[in-house]
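Only one structure is covered here, and it is reproduced in the block below.
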Amino acid sequence: MKYKELASKLERDWTDGVEALKGADNPNFTGGKYVDDKGYVRTLRPKHPCNNAGYIYEHRLIMEEFLGRYLESWETVHHINEIKEDNRMENIYLCTPQEHTAIHSEGRHISWKHKDKLRSVAHSRAAKKRKERLPFKVGIKKLSRLSTDRPGH
């Protein structure tokens, strides 16, 4: 590549004071997409109203394009097969935060019978502890009488 052609592709980046190739001309350019630390694909959309450092979650962007509107901040997009990088329309589902929590906690619910059993065990343990602490809650005179009434004292 001739110097003039290369120079025309270079744009001055005054923040670092160095010349750098921008966008697709830069060998490190990934097409404006990357996978974040949570495993979600983020897409470069600097003009999007909900962008974070110029990027937006790809699954939210796809849902917005399908609906023809921006998503509300409280709306949640669920990955049906739970593969965060699979952003096909068939694999994503728009839901409320409550629905999303219910979807992910499915199969982890404790039955009412089990809850009653746990409650019963907790009550019996609490009653047992109350009985063990009883002498410490009575007056000093009653305490001395209790200690003398015990066998071996």
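State which residue is surrounded by the most Cβ atoms within 10 Å (Cβ to Cβ) when the search covers only the range 53-75 and only residues that are of a type in the set (Asp, Glu) and either at positive phi or out of contact with any strand residue (DSSP E or B) (no Cβ under 7 Å at 6 or more places or on another chain) (or both). Can you show your working first?
Step one: filter the range 53-75 for residues of a type in the set (Asp, Glu), giving 58, 64-65, 72, 75.
Checking which are either at positive phi or out of contact with any strand residue (DSSP E or B) (no Cβ under 7 Å at 6 or more places or on another chain) (or both) leaves us with 64-65, 72.
Details: GLU64: 19, GLU65: 10, GLU72: 8.
It comes out as GLU64.
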*Quick one: CYS50 ticks every box in (1) at negative phi; (2) touching a residue at least 24 places away in the same chain (Cβ under 8 Å) except a single one, so which number is it?*
(2)
*Sort out which residues of the range 19-44 are assigned to a loop (DSSP other than H, G, I, E, B), in contact with a Gly (Cβ under 9 Å, 6 or more places away or on another chain) and not aromatic (Phe, Trp, Tyr), and write them in order of number.*
GLY32
_Residue satisfying all of: in the range 43-52; of a type outside the set (Val, Ile, Thr) and within 22 Å of PHE29 (Cα to Cα); surrounded by the fewest Cβ atoms within 10 Å (Cβ to Cβ) among these_ = LYS47
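Rule-based calculations on the coordinates, nothing more; no lab input. Because the structure is predicted, anything quoted here is derived from the model rather than measured. Counting neighbours? That spans all protein chains shown, and the Cβs are built from the backbone with ideal geometry, glycine included.
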